[in-house]
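Here's the structure we're looking at; comments come further down.
The values are calculated or read from the model by the stated rules, or taken from the named source; none is laboratory data. Since this is a predicted model, take the numbers as computed values, not measurements. Glycine gets a Cβ as well: all are built from the backbone with ideal geometry, and neighbour counts include every protein chain shown.
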Amino acid sequence: MSDLRAFITERAHALGFSVVRFAPASGAPGIAPYDAFLAAGRQGQMGWMATSRPPRADPRQLLPSAKTAVVLAIDYAWPRPADPGGLTGKVSAYAWGRDYHNLMTKRLRRLARELRAEAPGTEGYWGVDSRPLIERAWAERAGIGFIGKNCCVFRPGETSYMFLSMLLLSERLPADPPLLRDHCGRCRRCLDVCPTDAFVGARQLDARRCISYLTIEHRGPIPLPLRGGIGRWVLGCDLCQEVCPHNHRLTATAHEDFQPRTGHAWLDLEWLLTAEDDAIVAHFQGSPIKRPGPAGLKRNAAIVAGNLGDPAARPSLRRALEHTDEGVQDAARWALERL
């Protein structure tokens, strides 16, 4: 079986995965903090997190024969393009390039096909983010890294900018040891930098206050007390990763598919506020930026315009008032009042 493990590792690297680790597919790492998160209602509008709990607590519901969890990561940290200034807003680094869901799904499917050809009869179940698996907890168990105080997985001294995916297998393969140290120590830079106070404590996130949640997952008007803290973030937020010492000298090599597309690291607010919805959908086809939908992006752009305080945004904001979505209208009115 060590030969099969070597085969999986070699093929995964050949397909572009940065790191591959193995863990026994027993128990349910991460389920206790997950349940505490749900019990406190910190998931906000993400109701799917509660409905998808059963297989997260028992991965054998996904693959009854599961004996090994293969955890795979792809690095994505490219240098941020220069700030163009003016009426522009920031995008989280994960969304500068191709949609990682599509890219990693295709690679996992190919890996699963090659694995079945190499070891006929092997059963598998793969997942990328949207599948009911607590990837970060499995990544910690498999020794990819440790979960930091900002709830991200870090490879100590290397990076936290990585996408995670999993492959459950019916074969029992040698496991990697988990990291046993807390590499955060007394540092709390990630907790202190958050402008919306989204961290209840170390490794305790209230998604309802998180800029990434508010700009991507939340639907409708964003709560008034949190709008100023959004700053220039039109989509997502990297603040708690940017300040982490483990990311100050990135040694990981990012995958070429995630290098910044032109105009994707900084978004033109005036264009977002005035463009037709269909044009926005077409423009961001194949990009994670499409996730909030045109209404969500317009709402976010209006809030950022209000935070920038540039009177030049007034015509675009007035145009946004004509949009049919209540959240867009509300954000545009708020921004115009601030201006």
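In segment 74-85, what residues are closer than 30 Å to PRO311 by Cβ and without any contact (Cβ under 8 Å) to a residue 12 or more places away in the chain?
If the condition is that a residue be closer than 30 Å to PRO311 by Cβ and without any contact (Cβ under 8 Å) to a residue 12 or more places away in the chain, then ALA82, GLY85 are the ones that fit.
Residues of segment 240-254 being part of a loop (DSSP other than H, G, I, E, B) and of a type in the set (S, T, N, Q), which ones?
THR251, THR253
Kindly state which helices (runs of 4 or more DSSP H) lie completely within segment 272-339 and contain at least 1 residues that are touching a residue at least 24 places away in the same chain (Cβ under 8 Å).
Because the criterion is at least 1 residues that are touching a residue at least 24 places away in the same chain (Cβ under 8 Å), the helices (runs of 4 or more DSSP H) in segment 272-339 that meet it are 293-308, 314-320, 326-338.
Residues checked against (1) among the polar types (S, T, N, Q); (2) surrounded by fewer than 22 Cβ atoms within 10 Å (Cβ to Cβ); (3) more than 29 Å from ILE230 (Cα to Cα):
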| position | (1), (2), (3) |
| --- | --- |
| VAL91 | no, no, no |
| TYR94 | no, yes, no |
| ARG110 | no, yes, yes |
| ARG113 | no, yes, yes |
| ASP129 | no, yes, no |
| ARG136 | no, yes, no |
| ASN150 | yes, no, no |
| VAL153 | no, yes, no |
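Please go through segment 255-271 and pick out each residue that is modelled with pLDDT under 95 and either in a strand (DSSP E or B) or crowded, with 21+ Cβ neighbours inside 10 Å (or both).
Result: HIS255, PHE258.
For segment 68-86, does any single residue satisfy the condition of being of a type in the set (Gly, Ala, Ser) and either assigned to a helix (DSSP H, G or I) or closer than 14 Å to MET166 by Cβ (or both)?
Yes - at least one qualifying residue is present in segment 68-86.
Could you check, for segment 97-107, whether at least one of its residues is in contact with a strand residue (DSSP E or B) (Cβ under 7 Å, 6 or more places away or on another chain), among the hydrophobic types (A, V, I, L, M, F, W, C) and not in a loop (DSSP other than H, G, I, E, B)?
For segment 97-107, residues in contact with a strand residue (DSSP E or B) (Cβ under 7 Å, 6 or more places away or on another chain), among the hydrophobic types (A, V, I, L, M, F, W, C) and not in a loop (DSSP other than H, G, I, E, B): present.
In this structure, does ASP278 turn out to be closer than 17 Å to VAL153 by Cβ and not hydrophobic (A, V, I, L, M, F, W, C)?
No: the conditions fail for ASP278.
Out of ALA50, ALA23, ALA32, ALA12, I need the residue that is surrounded by 21 or more Cβ atoms within 10 Å (Cβ to Cβ) and assigned to a helix (DSSP H, G or I). Which one?
Among ALA50, ALA23, ALA32, ALA12, only ALA12 is surrounded by 21 or more Cβ atoms within 10 Å (Cβ to Cβ) and assigned to a helix (DSSP H, G or I).
Which one of these is out of contact with any Gly (no Cβ under 8 Å at 6 or more places or on another chain), in a loop (DSSP other than H, G, I, E, B) and not assigned by TED's automatic domain parsing to the domain that holds GLY236: GLY121, GLY89?
Selected residue: GLY121, the only one of GLY121, GLY89 that is out of contact with any Gly (no Cβ under 8 Å at 6 or more places or on another chain), in a loop (DSSP other than H, G, I, E, B) and not assigned by TED's automatic domain parsing to the domain that holds GLY236.
Would you check which residues across segment 288-337 are of a type in the set (Lys, Arg) and either closer than 16 Å to SER212 by Cα or not assigned by TED's automatic domain parsing to the domain that holds GLU276 (or both) and list them?
Correct list: LYS290, ARG291, LYS298, ARG299.
What are the residues in segment 53-69 that are small (Gly, Ala, Ser) and surrounded by fewer than 18 Cβ atoms within 10 Å (Cβ to Cβ), if any?
ALA57, SER65 - these are the residues of segment 53-69 that are small (Gly, Ala, Ser) and surrounded by fewer than 18 Cβ atoms within 10 Å (Cβ to Cβ).
Within the bounds of segment 57-65, is there any residue that is assigned to a helix (DSSP H, G or I), touching a residue at least 12 places away in the same chain (Cβ under 8 Å) and either assigned by TED's automatic domain parsing to the domain that holds GLY309 or under 22 Å from the mean Cα position of the chain (by Cα) (or both)?
yes
Condition first: touching a residue at least 60 places away in the same chain (Cβ under 8 Å) and of a type in the set (Ser, Thr, Tyr). Now tell me which residues in segment 86-121 satisfy that.
Result: THR88, SER92, TYR94, TYR100.
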